[in-house]
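Single-structure report; data block below.
The values are calculated or read from the model by the stated rules, or taken from the named source; none is laboratory data. Model, not experiment: these values are computed from the prediction. Cβ placement follows ideal geometry from the backbone for every residue including glycine, while neighbour counts extend to all protein chains displayed. Ligands, DNA and RNA are stripped out before the accessible areas are found, and what is left, the full protein with its side chains, is counted by its heavy atoms. Shrake-Rupley method; radii C 1.70, N 1.55, O 1.52, S 1.80 Å.
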Amino acid sequence: MSDAVRIGIAGAGSVAFGTAALLHEQGHDPMLWSPSGAGTEALKTAPLQASGAIEVTFEPRIAGSAAELARENDILLLALPAYGHKAVMDALAPHIRDGQHVIISSHASLGAVYMMQLLAARGIKAPITAWGTTVVTGRRQTGSAVQVNTVRKRVDLCTVPDTQSDRALDECKRLFGDRFQQRDGLLAISLSNLNPQNHMGIALGNITRMERGETWSQGQNVTPTVGRLLEQLDLERLAIAEALGLQVKTIFEHFHLSFHVPVASISEMNQQMHAQGNGGTGPASADSRYVTEDVPYGLQLTAVLGQLAGTPAPLHEAGIAIFSAMYARDFSKENALLAALELDKFTLDDLTQAARSGLLGTAPSVPQ
């Protein structure tokens, strides 16, 4: 373990457990921190057991606080739902050291800018790498077990400030292998996360299954009509990226690279995933991240960027409105990161600059 990197993972759900398993498999030394404490409770009496795409059993280190996680590790990685990002960033920021690399898996709603602002207020300079998606997919089982569905072949990333991009890319490769594609800034990464648009179509087409707690195949239920909706949502996202002069992968590339199926219609690709046994199981509750995380933290950001770029996304906006009506809550106002950044005070040029520097407008003053 002489070459092992100590990496602290904020989070203790399926992605955090799966990422820890991958790091262990790669010869590194992960530590898990559950902000609530509940997520790591089972690890006090049993080792972490990963099955599926990764088969390992090991005992990860456990942190009792944000301060311990930052103090005891070389690199930090956030692996928790987007609605928990702001609180975890607020908890970690006072303890991050100069030069300590922070990775956000996966990035949401310009969270890297929010974190960079917190660090700048302390006079701390640290690279923050944003991933467009997670490196693993999976589902927590009972106790300390996690089912890892897939390890992605390609993950988009960028780093702020962009002067640290090469160093950060090398560190990500050292930790997780050669599976990363550099993108041009945080706006490109924000538009590289296809989960919100895909989950919107899947949830809309299967909401009664979710609400009734049924067990259902996700891939199998991306039927031709749902698949066509996903393709149309993707065209909106691609149009916004083009208006901003950014290159992002298409939905077809996403499914091909993430789930290793040949390119066809989106419905046909999902049927192939189902046939191969990695189509996944759909949410068994209406209280699912497909809606409560991805609508306010994914769809809302795409809609905002569309308006700023002069390329509105009516299907995304309709999805936000429909889910808000179905859930009797206004998802457009639930994004704590966007609210804290107060994007309405800045121009598109400001955002474009922040996407590379990590700082929006004037950097906060450093406390004396």
Cα centroid of the stretch 249-268 to Cα centroid of the stretch 173-190, whole Å: 19
Beta bridge orientation in the stretch 1-138: antiparallel %, DSSP, nearest 5: 20
Straight-distance crosslink candidates among lysines, where the alpha carbon sits under 29 Å from Lys173 and sequence neighbours closer than 8 are dropped: Lys86, Lys125, Lys153, Lys249
Dipole magnitude (debye, nearest 20) for the chain, charges at Cβ of Lys, Arg, Asp, Glu: 360
Nearest-0.05 FRET efficiency for Val263 and Ala46, computed from C-beta distance (R0 45 Å): 0.60
5 angstrom amide H check on Leu32, placed H, neighbours 5+ away: Ile9, Arg61, Ile62, Ala63
Apportionment of accessible area to carbon and sulfur, the stretch 49-194, percent (1.4 Å): 45
Of Gly52, Gly39, Gly298, the one that fluctuates the most in a GNM where the chain has Cα springs shorter than 10 Å: Gly52
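For the chain, what does the accessible surface come to per residue with a 1.4 Å probe? Please give it in Å².
Heavy-atom SASA per residue in the chain reads 40 Å².
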Distance in nm between pseudo-label sites at Gln307 and Tyr327 (7 Å out along the Cβ direction from Cα): 1.9
Euclidean distance of C-alpha centroids, the stretch 203-226 and the stretch 48-98, integer Å: 32
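Using helices alone, I'd like the mean residue ellipticity at 222 nm for the chain: each DSSP H run of four-plus residues gives -39500 (n - 2.57), total over residue count, nearest 500.
-12500 deg cm²/dmol
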Semi-axes of the equivalent ellipsoid for the stretch 249-333, Cα gyration tensor, largest first, Å: 27, 19, 9
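For the stretch 190-295, which trypsin sites (Lys or Arg not before Pro) are in a loop by DSSP, counting at most 15 other Cβ atoms within 10 Å?
Those satisfying the criteria are Arg212.
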Three-way shape label, the stretch 195-240, alpha-carbon gyration tensor, a/c 1.5: prolate
Antiparallel DSSP beta bridges within the chain, as percent of all bridges there, nearest 5: 35
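Give me the dipole magnitude in Debye, nearest 20, for the stretch 150-286 about the Cα centre, with unit charges on the beta carbon: positive for Lys and Arg, negative for Asp and Glu.
Working: 13 positive and 15 negative charges, 69 e Å.
It comes to approximately 340 debye.
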GNM flexibility winner over the chain from Gly37, Gly111, Gly219 (Cα, springs under 10 Å): Gly37
Carbon/sulfur fraction of accessible area - the stretch 293-368, other protein chains in place, 1.4 Å, %: 56
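Stretched out fully, how many nm does the piece from Arg97 to Thr163 gain, at 0.36 nm a residue minus the Cα gap?
Net length gain for the segment: 21.9 nm.
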The stretch 42-136: Cα Rg divided by the 2.2 N^0.38 Å rule of thumb: 1.17
Length released on extending from Ala121 to Glu214, taking residue separation times 0.36 nm less the Cα-Cα span: 28.7 nm
Estimated distance in nm for a label pair at Gln232 and Lys173, the labels positioned 7 Å out from Cα along Cα-to-Cβ: 4.2
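Summarise the long-distance tail of P(r) for the stretch 152-287 by giving the % of C-alpha pairs beyond 18 Å.
Across the stretch 152-287, Cα pairs with separations above 18 Å total 60 percent.
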Spherically averaged projected area of the chain from its Cα convex hull (nm²): 17.2
